[in-house]
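Here you go, one structure.
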Amino acid sequence: MSDAAAEIVCRPIGHIRSRFPVPEGVPVQAAGVPHETATLEVLPAYAAGLRDIEGFDHLLLITHFHRCPRELLEVTPFLDPQPHGVFATRAPA
């Protein structure tokens, strides 16, 4: 195996739908809209992967905000004047 990093390709297996189809208007914190819901739509080709999932309390979703206008390594979070590394925040960047 070489030391070169292998390319990782991500392809969507579904989509999350909410009443916020564009970034403008999305609440800054989910706590601001505690009763808001969204729907996870799994593409038919991946439906078999959901078999027997009913018994679990939690699911981990890896998301990609495809409408995020930029990718940043440092961000200044809402209500915090200090910049932080993006991985230490919940910023969509």
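Taken together, the values in this text are just the output of simple stated rules run on the coordinates, not laboratory data. Keep in mind it's a predicted model, so treat the numbers as computed, not measured. As a convention, Cβ positions derive from the backbone with ideal geometry for all residues, glycine included, and neighbour counts pool all protein chains shown.
With the crude spin-label approximation of a point 7 Å out along Cα→Cβ, what separation in nm comes out for Glu74 versus Arg51?
About 5.0 nm, to one decimal.
Kindly write out, for region 25-34 in residue order, the coupling ³J(HN,Hα) from the Karplus curve 6.51 cos²θ - 1.76 cosθ + 1.60 (θ = phi - 60°), rounded to whole Hz, with x marking Gly and Pro.
Working through the residues one at a time gives x, 5, x, 5, 10, 4, 4, x, 9, x Hz.
I'd like to know how the chain sits against the 2.2 N^0.38 Å rule of thumb: what's its Cα Rg over that expected value? Walk me through the numbers on the way to the answer.
Details: Rg = 16.9 Å, N = 93, 2.2 N^0.38 = 12.3 Å.
It is 1.37.
Mind checking the dipole of the chain: about its Cα centre, +1 per Lys or Arg Cβ, -1 per Asp or Glu Cβ, Debye to the nearest 20?
That gives the chain a dipole magnitude of about 280 debye.
Please compute the contact order of region 14-88 in relative form: average sequence separation of alpha-carbon pairs under 8 Å and at least six residues apart, divided by the residue count, as a percent.
With pairs under 8 Å counted, the relative contact order is 26 percent.
Check which residues have an amide H placed less than 5 Å from Gly14's amide H, if you skip close sequence neighbours.
Under 5 Å from the amide H of Gly14 lie the amide H atoms of Leu43, each far enough along the sequence or on another chain.
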